[in-house]
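Below is one structure, written out as structure tokens; comments come after it.
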Amino acid sequence: MSQAILTIASIKKEFHTGQEKVEVLKDINLVVTEGTTVIISGESGSGKSTLLNLIAGMDFPTSGKIYIRNTDVTVLSEEEITQFRRNTIGFIFQFHFLLKGFNALENVMMPAFIAGVPGKKAKKRAEQLLMDVNLWHRRNHYLVQLSGGERQRIAVARSLMNNPDMIIADEPTGNLDEKNSKNVEDILFSLVERYKKTMILVTHDRGLAIRGNRHLSIEHGVLVGS
Ligand SMILES: Nc1ncnc2c1ncn2[C@@H]1O[C@H](COP(=O)(O)OP(=O)(O)OP(=O)(O)O)[C@@H](O)[C@H]1O
Ligand SMILES: [Mg+2]
């Protein structure tokens, strides 16, 4: 039987701005088994990005627990979580966040540079990933020489660089036209399957939502669906 890779138990998240308190997540519970793709949708402001930030340990919940395998990410120090995240989670955002002064290959390698992985090994893996996203011919191109779809495909390759267990994607095709969205989507889903990754993906796109193994939505601070 597949093991749980992510367990979210009774998560609550409030934000305080001045006198005002906003309770964004009220009671979130979720168990994700390894190798599953979970799609999360919900209205703008419903707390999707907030939830992804909590899973990635970029922010702390007001109460509740989040386990990635057996590690409780809500109790790790800043330093511990940074270290843990590096080899556990790959990110893809709506905006690519590629670095201007580096070419496509170097951008894919960036998570390895940061983790201090030796250059040669990292380069080999980055080259493979660039081939995987059909951008081998663009390896020496810089950001300004790349199209929106190409940039997002590089972001997909980069998310896999450190061979994380889990991919977290927040509207990964949100900035693309229909044709490019479909292309990035197809590549992302095929790589997640080939490399046997677990994926948590947030999207407004109904077409994309049905491609997951599970489709949930955040409504009034709780997860609805199965
Ligand atoms: N750091 C913060 N301080 C105060 N309020 C915040 C903070 N971060 C998020 N919020 C509020 O929490 C709510 C949820 O925000 P979040 O970004 O998670 O929404 P979302 O579902 O990702 O929306 P979208 O689809 O527009 O990206 C919003 O009302 C937002 O204003
Ligand atoms: Mg968001």
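Tally time: how many residues in segment 160-172 are open to solvent by 10 Å² or more (accessible area, probe 1.4 Å) and either more than 13 Å from Ile39 (Cα to Cα) or outside any loop (DSSP other than H, G, I, E, B) (or both)?
4
For the condition over 17 Å from the mean Cα position of the chain (by Cα), outside any helix (DSSP H, G or I) and more than 23 Å from Gln83 (Cα to Cα), what is the one hit in Leu130, Leu223, Leu216?
The unique qualifying residue is Leu223.
Which of the strands (runs of 3 or more DSSP E) found entirely inside segment 1-118 contain at least 2 residues meeting this: of a type outside the set (A, V, I, L, M, F, W, C) and away from ligand 1 (no atom under 16 Å from the Cβ)?
In segment 1-118, 4-17, 20-33, 63-68 are the strands (runs of 3 or more DSSP E) which contain 2 or more residues that are of a type outside the set (A, V, I, L, M, F, W, C) and away from ligand 1 (no atom under 16 Å from the Cβ).
Going by what's in this entry, would Asn140 be described as away from ligand 2 (no atom under 16 Å from the Cβ), at negative phi, open to solvent by 10 Å² or more (accessible area, probe 1.4 Å) and not in a helix (DSSP H, G or I)?
So Asn140 fits the description; yes.
Condition check: closer than 30 Å to Asp186 by Cβ, away from ligand 2 (no atom under 16 Å from the Cβ), open to solvent by 40 Å² or more (accessible area, probe 1.4 Å) and hydroxyl-bearing (Ser, Thr, Tyr). Does Thr33 satisfy that?
So Thr33 fits the description; yes.
Check Ser217, Ser190 and return the single one that is hydroxyl-bearing (Ser, Thr, Tyr), out of contact with any strand residue (DSSP E or B) (no Cβ under 6 Å at 6 or more places or on another chain) and either at pLDDT 95 or above or farther than 11 Å from Ile40 by Cα (or both).
Ser190
Run down Ala122, Ala126 and say which single residue is modelled with pLDDT under 95 and touching a helix residue (DSSP H, G or I) at 6+ places or on another chain (Cβ under 7 Å).
Ala122
Give the residues of segment 173-204 that are open to solvent by 10 Å² or more (accessible area, probe 1.4 Å), within 17 Å of Thr36 (Cβ to Cβ) and in a loop (DSSP other than H, G, I, E, B), sorted by residue number.
Selection gives Tyr195, Lys196, Lys197.
Out of curiosity, is Leu201 out of contact with any Cys (no Cβ under 8 Å at 6 or more places or on another chain) and either within 16 Å of ligand 2 (Cβ to nearest atom) or in contact (Cβ under 8 Å) with a residue 60 or more places away in the chain (or both)? Working first, answer last.
Numbers: out of contact with any Cys (no Cβ under 8 Å at 6 or more places or on another chain): yes; either within 16 Å of ligand 2 (Cβ to nearest atom) or in contact (Cβ under 8 Å) with a residue 60 or more places away in the chain (or both): yes.
Considered against the rule, which asks whether it is out of contact with any Cys (no Cβ under 8 Å at 6 or more places or on another chain) and either within 16 Å of ligand 2 (Cβ to nearest atom) or in contact (Cβ under 8 Å) with a residue 60 or more places away in the chain (or both), Leu201 comes out as yes.
Name the residues in segment 37-63 that are farther than 19 Å from Arg85 by Cβ, away from ligand 2 (no atom under 16 Å from the Cβ) and crowded, with 18+ Cβ neighbours inside 10 Å, would you?
Selection gives Thr37 alone.
The values are calculated or read from the model by the stated rules, or taken from the named source; none is laboratory data. No experiment lies behind these values; they were computed from the predicted model shown. Every residue, glycine among them, receives a Cβ derived from its backbone with ideal geometry; neighbour counts consider all protein chains shown. What goes into the accessible areas is simple: the full protein's heavy atoms, side chains included, and nothing from ligands, DNA or RNA. Shrake-Rupley method; radii C 1.70, N 1.55, O 1.52, S 1.80 Å.
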